[in-house]
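Reviewing the structure listed below.
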Amino acid sequence: MNKEFVEALEQVALERGVSADELIDAFEDALAKAYLRQKGYRQKDIDEGRGPVVEAHLDPRSGTIEVIEVKTVVEEVENPEREIALEEARKYDPEVGLGDEMEFPVDPEEFSRIAVLTAKNVLTQRLKEAERNRIYEEYKDKEGEVLTGQVSRVDNRRNVYVDLGRGEALMPPREQIPTERYHPGQRIKVYLKEVKKSARGPSLIVSRAHPELLKYLMRQEVPEIAEGTVEIKAVAREPGSRSKIAVTSHNPNVDPIGACIGHKGQRIQSVSAELGRERIDVVPWSANAREFIRNALSPATVGKIELDPESKRALVWVSKDQHSVAIGRGGQNVRLASKLTGFEIDFKEAEEISDLEQALAKAAEADEGVRVSEEAKAKFESLFVEEADEADEES
């Protein structure tokens, strides 16, 4: 063993991102285990503490290594592999006493080629474990953050592997944007969804389909969101296709919808481009559940809304010409509105709903105390009397 070997260890440690001391400790442990194996002890014996107590020490300055057996001085020996009689011990050191530990150097020639190979294998394993622990410690506190990585490879199961710099993460198909195609070398933003330990090392799962990625991109593009003036209250996504975001403003002078969309739609278009041209609808949030559902169903114009708070269901009156708009292509609009509001939404067709009637319904639901004429009230109420009677009969 020489100084060049220690320098090589330090270089490997630097390349693998672990400390030199940690690698030297792993090497010393590997040599001790290799010696025990050469003496005929199995890994199970070593793990359970059977056999002699063996220590290996590598001096990083000189490169010299020493392997020793440690024995405890006792009156009467019961375990000769770990104990030495006081009378025998005093032949080596006259001043030794009961309970002291004595070190006995091992002849370096006892290390055969097999022992060195075993040490190499154990060292490799320990190095991998050190790397895994380092990766886990580095990323466990980053769970829930958005990171920038580079696609390293794509396998035949469409799993995408993303190099995050100090670790490789997996993006399974369910976490991908269906309309995107990934290729090695491509730089992408990903949401670190999960960090956990496993038998093969830390498992890093990233996503581009998660709603938090959309929130992050909105914060990056909209200063009012980043500074807290505008708040994102809810998000519903069908990745790569369409999303709905509910926003509110904490400043009456700031329009939350306009702030998110930006001049000529530049802000929202930038976010859409990052997500594979995903269409993003921005709607106003409301503490009033009926008004929030009405907003979430945009661009459809709907009438009266009945709520069942316990079952989280909503029955929405909608005119025939607005029914398909409210449902959306393939039911997408109502699905996103349900996710956004937390209510399962059902529709009931009504006659044509005028702007006045919609305004009256909205005012009544929001309890804004708007005064309307008796004639207008009668006209509005008659619009739904037939549907209400039918509902009563069905119940």
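For this structure, a couple of remarks:
- Scanning the stretch 186-212 for residues that are under 16 Å from Pro173 (Cβ atoms) and not in a strand (DSSP E or B) gives Arg208, Ala209, His210.
- Exactly one residue out of Val316, Val302, Val247, Val254 is assigned to a loop (DSSP other than H, G, I, E, B), of a type in the set (A, V, I, L, M, F, W, C), touching a residue at least 12 places away in the same chain (Cβ under 8 Å) and touching a Phe, Trp or Tyr at 6+ places or on another chain (Cβ under 8 Å), and it is Val302.
- The single condition among (1) modelled with pLDDT of 80 or more; (2) part of a loop (DSSP other than H, G, I, E, B) that Ser62 does not meet is (1).
- Filter pass, Arg329 being closer than 27 Å to Ser243 by Cβ and either modelled with pLDDT under 95 or of a type outside the set (A, V, I, L, M, F, W, C) (or both): yes
- The single condition among (1) free of Cβ contacts under 8 Å to residues at least 12 places away in the same chain; (2) over 22 Å from Pro105 (Cα atoms); (3) surrounded by 15 or more Cβ atoms within 10 Å (Cβ to Cβ) that Glu22 does not meet is (1).
- Within the stretch 120-170, restricting attention to residues that are part of a loop (DSSP other than H, G, I, E, B) and of a type in the set (Gly, Ala, Ser), the residue that is surrounded by the most Cβ atoms within 10 Å (Cβ to Cβ) is Gly167.
- The stretch 193-213, residues that are of a type in the set (Asp, Glu) and more than 16 Å from Val162 (Cα to Cα): Glu212
- Any hit, the stretch 152-172, residues being under 28 Å from Gln266 (Cα atoms) and in contact (Cβ under 8 Å) with a residue 40 or more places away in the chain: no
The values are calculated or read from the model by the stated rules, or taken from the named source; none is laboratory data. A quick note: this is a predicted structure, and the numbers were derived from the prediction, not measured. Here the Cβ is made from the backbone with ideal geometry for all residues, glycine too, and neighbour counts use every protein chain on show.
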